[in-house]
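*Asks:* Okay, here's the structure, questions in a sec.
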Amino acid sequence: MVSRLGIRIILTIHAKCVIDDNDETDIQPNKTYLALANEVDGSSNLCFSKKDMRNYIIRKLHSTDDNVDLKEMLKYQSKLLYAIDIDESYKLKSALWVDEKCKASYEYFGDMVSFHTIYKKNKHALPFTSFVGVNHHGKSTLFGCALLGNEDIPSFEWIPTHWVKCMGIVPQGIITNQCKAMFGAIKKGPTIYSSQTVHMAHHEEDTPEAPRLLLLQRFAC
């Protein structure tokens, strides 16, 4: 049951079942609403709007305990920083997390950062992204991780922008092996790269044998 302008709107048991089942199988809310409207010969015969249905889905997400893993992790990582990006259907697009150790390492060794998306071994086949630097022993040190819904320009803008918000400091330089989408995000701006100059270290084609390397270095003003 929801309310709109003081009027009580009722979602029937049948409607709730259809909405819940379709949401679990990743069917878009617009398609669910259209199916329910077709059952009663048009949306004008439904006692709830598309917005009412979306509000129901949001409230259900907030009331369920789907975030139990995150809550358990926060018990042991009370200073964990994270950000989540969702689409219009309230499905996960991208997720970023930085723990206390990552942030501490970045404060000491974050002058130059390597940003790569090279893993797709999780069960959802989402690109896994890592921010990595080098410590005083010459060893790799982790500065944060993320999952990307897509390797597109908006994702490559969202991830580093929110990563810098978590860290509080823009790195002096970023090294990445990404090509068109990453380069497009850098050029599009304004982003965290807006004060940096782009140097093409290699101009070869983007092939496994000769990956393109983008070197971004920020010069002091």
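The values are calculated or read from the model by the stated rules, or taken from the named source; none is laboratory data. It should be emphasised that the depicted structure is a prediction, and the values quoted were computed from it without experimental measurement. Here Cβ is always computed from backbone atoms with ideal geometry, including for glycine, and neighbour counts include all displayed protein chains.
*Asks:* Tell me yes or no: at least one residue of segment 96-103 is in the same structural domain as E157 (by TED's automatic domain parsing), part of a helix (DSSP H, G or I), at pLDDT 85 or above and surrounded by fewer than 17 Cβ atoms within 10 Å (Cβ to Cβ).
*Replies:* Yes, segment 96-103 contains a residue that is in the same structural domain as E157 (by TED's automatic domain parsing), part of a helix (DSSP H, G or I), at pLDDT 85 or above and surrounded by fewer than 17 Cβ atoms within 10 Å (Cβ to Cβ).
*Asks:* In segment 121-221, which strands (runs of 3 or more DSSP E) lie fully inside it and hold 2 or more residues that are modelled with pLDDT of 80 or more, in contact with a strand residue (DSSP E or B) (Cβ under 6 Å, 6 or more places away or on another chain) and of a type in the set (F, W, Y)?
*Replies:* Counting at least 2 such residues, we get 128-134.
*Asks:* Within segment 1-94, which strands (runs of 3 or more DSSP E) (wholly inside it) include 2 or more residues that are in contact with a helix residue (DSSP H, G or I) (Cβ under 9 Å, 6 or more places away or on another chain), modelled with pLDDT of 75 or more and closer than 21 Å to L148 by Cα?
*Replies:* Counting at least 2 such residues, we get 81-86.
*Asks:* Identify, please: which residue in segment 19-44 is among the polar types (S, T, N, Q) and surrounded by 14 or more Cβ atoms within 10 Å (Cβ to Cβ) and is, among those, farthest from D87 (Cα to Cα)?
*Replies:* For segment 19-44, the residue satisfying everything is S43.
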